[in-house]
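Single-structure report; data block below.
The values are calculated or read from the model by the stated rules, or taken from the named source; none is laboratory data. Since the structure is predicted, the reported quantities are computational estimates derived from the model, not experimental observations. Here the Cβ positions follow ideal geometry from the backbone for every residue, glycine too, while neighbour counts run over all protein chains shown. Accessible surface areas use protein heavy atoms only, side chains included; no ligands, DNA or RNA. Shrake-Rupley method; radii C 1.70, N 1.55, O 1.52, S 1.80 Å.
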Amino acid sequence: MGEVKSPERTKPAAAQASTGSLYATRQKVYPKAVQGTVRKAKWLILALCLGLYYTVPLIRWDRGPEMPDQAVLVDMTHGRLFFFFIEIWPQEVYYLTGLLVLGAIGLFAATSLFGRVWCGFTCPQTVWTDLFMLVERRIQGDRNARMKLDLQPWTSEWLRKKALTHAVWLGIAAATGGAWIMYFNDALEMTPRFFTGQASLEVYFFFSLFTATTYLLAGWAREQVCTYMCPWPRFQAAMLDENSLVVTYRAWRGEPRGKAKQDGLGDCVDCRACVHVCPTGIDIRDGQQMECIGCGLCIDACDDVMGRLGRPKGLIAFETLTSLAASEAAAKPLPPGPQRLACGMQARRPQKIIRPRTLVYAGVLGLVVAIMGGAWLLRETTSLAVLRDRAPIFVKLSDGGIRNAYTLKLGDKTRGIETYSLVLDGPKGLSLIVLDAESDPAGAPVLTTRPDGITQWRALVTAPAGLRLPESVPVTFRLVDASGRTEVRTASVFLGPKP
Amino acid sequence: MPTKVEKDSITGQETTGHEWDGLKELNTPLPKWWLYVFYATILFSLVWVALYPALPFSGATGVTGWTARGALGPELEAERAAREPMLAKLREATPEQIAADPQLRAFALAGGRIAFANNCAGCHGAGGQGAPGGFPSLADDDWIFGGSFDAIQHSIRHGVRNGESEEARGIAMPRFQVDGLLTAAQVGDVAEHVLSLTGRATDQAAAGRGAPLFAEQCASCHGEKGEGNRDMGAPRLNDQVWLYGGDKASVVRSIGWSRAGVMPSWGGRLDPAVVNMLTVYVHTLGGGE
């Protein structure tokens, strides 16, 4: 079956030069199906990533009564973030920031070692686009069939295939949007309400938003997201160097390219299989390009062709630029042939894993892990916030004494009910009472916590009439547990008239 | 209108036929899509004017009859209905019972804070700190009519010297100088005696002359030692809290011309549940009694 002719994809720069316009119309990419090791790895990762994404909200985790039993949940209503045994309050969102920092540095490290593995294998854009392309291929056929279909007039077959494709795409997109909202609402409790139209407007909004973006980005925008929208390809060059693994075409072995039967040529038979399978529609033989997402499908395609021709595999491979340059230098003086191939392959260099860049990334990674771990281990579960009344700033009592009022907010992140005595440290003579609080044997007010919540108290601190104090005196509220250990201390001030 | 279409020789575009000093204006029509969107907005606005109140005349409500005020009613009704179970409990319970129940107390304090800001803060200040000129502080320990739950509730419900409620607090203080009950000199002497109650008299002789006058004229309400009388709303005179100022001039003014703070009765204006919430909230401001 002959190749269907389609306009050759031109690079935007070329289009710009010829017309003087800055705008380049998108050339639709029709990636061809491919089999091989990389493809298998990609299917595996796709299944893993999507499997996790769609099923994690269904995992249950018992947290006791009146608490959500979903293992991973961002509870917006109650302001809690649950992750298995971890529970984070809104003011502790820095743990999340820390995780994002870890993710970023991890990404930097992975990129400096293995190139664009994130882009090529795990990025949601890549994963969903891959899935959408699978659907497209199953319904409309492979590259040639799809190109033919697009050139066809609108027949009933055209309509049937296109409609079915978009229906399945929308179904996948809806599942994506549906799973997204399950991370923010109890999945089991919300699903029935969602389907009976009883869920909140936000739920339907975010469901629609993520359904629409999935459908548009994976179905229509595809490689344009990577090339034009995503900032990552633009600055990831700062993480890559000549010792990072990248998808390379071994030009020293392939060139000069030409028909297989002709003598005196390199191993590249110019079959363009690598171009046809490329999801971003580039030619890897042009060298390193920003559009290359490093998915390695061209490796599979080329290996397949080499295998059929009875030539060794690896004309396109994951390799460092250092190794490539070494092979090139060794093979250059030799004419095409088995000897050049052996010589070039021999000259390859192992990847240098330990180098300043990777050491710095590892160091920063370790540091952030240590800081996060330390912060988590030393995390305070009890907190005391002291809010001094501002109106009135102070109250003059009938006997001439001065009184300040404070609102105390006692937070407890554990499940139990704790009891603390409240002690006031400040100038001698100040007396402390807490409204509606019991007293311990020593006369200090006793404050109780609420499981996983905040209790609020009103404290009145009085300076008797004779006590002469400056306008502002620092005071400290302390929570003391039964054994006499100070659990929390919070500083505030006691204000009075100018002496 | 130009009779024939003229084209610009450089760009090949039509001109409008307008020419100024040899410069011709090119005719660049609006994009079609823009034009049609513009027509669509005009159409939309016509439909809108027909359906909704868009014209500045009373009664011009549009054919749907929709009004913002009309839409608000059901929302408020729904809000009231949602609060009703809690408000019913607050209505039936006494302030003591509310304060003792953690759930009711939390609701009452939150609602009381809002009700206080809406109704009371204008005179008594945002935190109940009071204001000079007869608006008592609610955050101190000096209660003119009592600081127990019942006393606060009664004061809120019936108000002070307002003529609205028969149970309103306080009686009128005589205008001793204006009405000729005391001479100006006697008023000064009594004022000096009042200051002596808190040890601030500067003229002991005058204070001595004022003592029998005080016993005769003032003690029946303010007490022999100026300890005050809550039933009559006669404030304590032997403490450090002065509603109308504690300097001699202010005290003279108070005796000679009288003072009479007024507060509306809120029992007829506010839901009994709101009165109860306010009672519990005010009680927490200064710790109550």
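Quick check: is even one residue across segment A:63-81 assigned to a strand (DSSP E or B), out of contact with any Lys or Arg (no Cβ under 7 Å at 6 or more places or on another chain) and among the acidic types (Asp, Glu)?
So far as segment A:63-81 goes, yes, one or more of its residues are assigned to a strand (DSSP E or B), out of contact with any Lys or Arg (no Cβ under 7 Å at 6 or more places or on another chain) and among the acidic types (Asp, Glu).
Cβ-Cβ distance below 7 Å, separation of 6 or more or different chains: which pairs start in segment B:98-119 with a residue that is in the same structural domain as B:Ala139 (by TED's automatic domain parsing) and end on one that is open to solvent by 60 Å² or more (accessible area, probe 1.4 Å)?
From segment B:98-119, the pairs are B:Leu104/B:Lys89; B:Ala117/B:Ala126.
Among the residues of segment B:142-173 satisfying the criterion of being hydrophobic (A, V, I, L, M, F, W, C) and within 14 Å of chain A (Cβ to nearest Cβ), which is nearest to B:Ala99 (Cα to Cα)?
Selected residue: B:Phe149.
Just checking, how many residues over segment B:224-243 are without any contact (Cβ under 8 Å) to a residue 12 or more places away in the chain and farther than 21 Å from A:Pro464 by Cα?
So the count comes out to 3.
For every residue, the table says whether it meets (1) of a type in the set (Ser, Thr, Tyr); (2) more than 19 Å from the chain's Cα centre (by Cα); (3) within 26 Å of B:Arg105 (Cβ to Cβ).
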residue	(1), (2), (3)
B:Leu197	no, yes, no
B:Glu216	no, yes, no
B:Ser220	yes, yes, no
B:Met277	no, no, yes
B:Tyr281	yes, no, yes
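Mind listing just one residue for me: the one in segment A:448-475 that is away from chain B (no Cβ under 14 Å) and exposed (fewer than 14 other Cβ atoms within 10 Å of the Cβ) and, of those, nearest to A:Ser421 (Cα to Cα)?
A:Pro474
Only one of (1) of a type in the set (S, T, N, Q); (2) in contact with a helix residue (DSSP H, G or I) (Cβ under 8 Å, 6 or more places away or on another chain); (3) assigned to a loop (DSSP other than H, G, I, E, B) is not met by A:Gln262, so which one is it?
(2)
Collect the residues in segment A:74-85 that are of a type in the set (A, V, I, L, M, F, W, C) and exposed (fewer than 12 other Cβ atoms within 10 Å of the Cβ), keeping them in residue-number order.
A:Phe84, A:Phe85
For segment B:131-141, enumerate the residues that are more than 8 Å from chain A (Cβ to nearest Cβ) and touching a helix residue (DSSP H, G or I) at 6+ places or on another chain (Cβ under 7 Å).
Across segment B:131-141, the qualifying residues are B:Ala131, B:Phe135, B:Leu138.
All but one of (1) within 14 Å of chain A (Cβ to nearest Cβ); (2) of a type outside the set (Ser, Thr, Tyr); (3) open to solvent by less than 60 Å² (accessible area, probe 1.4 Å); (4) not in a loop (DSSP other than H, G, I, E, B) hold for B:Gln97; which doesn't?
Every listed condition holds for B:Gln97 apart from (3).
Go through B:Ala115, B:Ala82, B:Ala110 for me and flag whichever is part of a helix (DSSP H, G or I) and within 14 Å of chain A (Cβ to nearest Cβ).
B:Ala110
Can you tell me how many residues in segment A:91-119 are over 16 Å from the mean Cα position of the chain (by Cα) and either open to solvent by 20 Å² or more (accessible area, probe 1.4 Å) or under 24 Å from A:Ala41 (Cβ atoms) (or both)?
Here the count works out to 5.
Being crowded, with 17+ Cβ neighbours inside 10 Å, out of contact with any helix residue (DSSP H, G or I) (no Cβ under 6 Å at 6 or more places or on another chain) and among the hydroxyl-bearing types (Ser, Thr, Tyr) is the filter here; which residues of segment B:251-270 pass it?
Matches in segment B:251-270: B:Ser254 only.
Just to be sure I understand, how many residues within segment A:103-159 are small (Gly, Ala, Ser) and either modelled with pLDDT of 95 or more or in a loop (DSSP other than H, G, I, E, B) (or both)?
So the count comes out to 2.
Of all residues in segment A:343-391, which are open to solvent by less than 60 Å² (accessible area, probe 1.4 Å), polar (S, T, N, Q) and either without any contact (Cβ under 8 Å) to a residue 60 or more places away in the chain or in contact with a strand residue (DSSP E or B) (Cβ under 6 Å, 6 or more places away or on another chain) (or both)?
Within segment A:343-391, A:Thr381, A:Thr382, A:Ser383 meet the criteria.
When segment A:299-325 is examined, which residues are found to be open to solvent by less than 20 Å² (accessible area, probe 1.4 Å) and either under 15 Å from A:Ala251 (Cα atoms) or polar (S, T, N, Q) (or both)?
Correct list: A:Ile299, A:Cys302, A:Met306, A:Gly314, A:Leu315, A:Ile316, A:Ala317, A:Glu319, A:Thr320, A:Ser323.
Conditions: (1) within 26 Å of A:Cys226 (Cα to Cα); (2) modelled with pLDDT under 90. A:Pro279 meets all but one. Number of the miss?
Going through (1) within 26 Å of A:Cys226 (Cα to Cα); (2) modelled with pLDDT under 90 one by one, A:Pro279 breaks only (2).
Report yes if some residue within segment A:476-496 is modelled with pLDDT of 90 or more, open to solvent by less than 60 Å² (accessible area, probe 1.4 Å) and outside any strand (DSSP E or B); otherwise report no.
Yes, that holds for at least one residue.
Please count how many residues of segment A:222-242 are in a loop (DSSP other than H, G, I, E, B) and open to solvent by 20 Å² or more (accessible area, probe 1.4 Å).
So the count comes out to 5.
Among the residues of segment A:326-342, which ones are open to solvent by less than 50 Å² (accessible area, probe 1.4 Å) and not in a loop (DSSP other than H, G, I, E, B)?
Of everything in segment A:326-342, those that are open to solvent by less than 50 Å² (accessible area, probe 1.4 Å) and not in a loop (DSSP other than H, G, I, E, B) turn out to be A:Ala326, A:Ser327, A:Ala330, A:Ala331, A:Arg340, A:Leu341.
Give me the pairs: first residue in segment B:181-194 and in contact (Cβ under 8 Å) with a residue 24 or more places away in the chain, second residue of a type in the set (Asp, Glu), beta-carbon distance under 8 Å, and six or more apart or on different chains, which are they?
Qualifying pairs under 8 Å: B:Glu192/B:Asp203.
Take segment A:243-269 and flag every residue that is open to solvent by 30 Å² or more (accessible area, probe 1.4 Å) and under 39 Å from the mean Cα position of the chain (by Cα).
A:Leu245, A:Ala251
Looking for something part of a helix (DSSP H, G or I), open to solvent by 40 Å² or more (accessible area, probe 1.4 Å) and more than 30 Å from B:Ala108 (Cα to Cα) - is there at least one such residue anywhere in segment B:142-156?
There is no residue in segment B:142-156 that is part of a helix (DSSP H, G or I), open to solvent by 40 Å² or more (accessible area, probe 1.4 Å) and more than 30 Å from B:Ala108 (Cα to Cα).
Conditions: (1) touching a residue at least 40 places away in the same chain (Cβ under 8 Å); (2) open to solvent by 50 Å² or more (accessible area, probe 1.4 Å); (3) in the same structural domain as B:Ala219 (by TED's automatic domain parsing). B:Gly199 meets all but one. Number of the miss?
The number of the failed condition is (1).
Which members of segment A:270-305 meet the condition of being assigned to a helix (DSSP H, G or I) and not charged (D, E, K, R)?
A:Ala273, A:Cys274, A:Val275, A:His276, A:Val277, A:Ile284, A:Leu297, A:Cys298, A:Ile299, A:Ala301, A:Cys302, A:Val305
One line per residue, one yes/no per condition, for (1) among the charged types (D, E, K, R); (2) more than 14 Å from every other protein chain (Cβ to nearest Cβ); (3) open to solvent by 50 Å² or more (accessible area, probe 1.4 Å):
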position: A:Thr407; (1), (2), (3): no, no, no
position: A:Arg415; (1), (2), (3): yes, yes, yes
position: A:Glu418; (1), (2), (3): yes, yes, yes
position: A:Ser421; (1), (2), (3): no, yes, no
position: A:Leu424; (1), (2), (3): no, yes, no
position: A:Ser431; (1), (2), (3): no, no, yes
position: A:Val434; (1), (2), (3): no, no, no
position: A:Ser439; (1), (2), (3): no, yes, yes
position: A:Ala442; (1), (2), (3): no, yes, yes
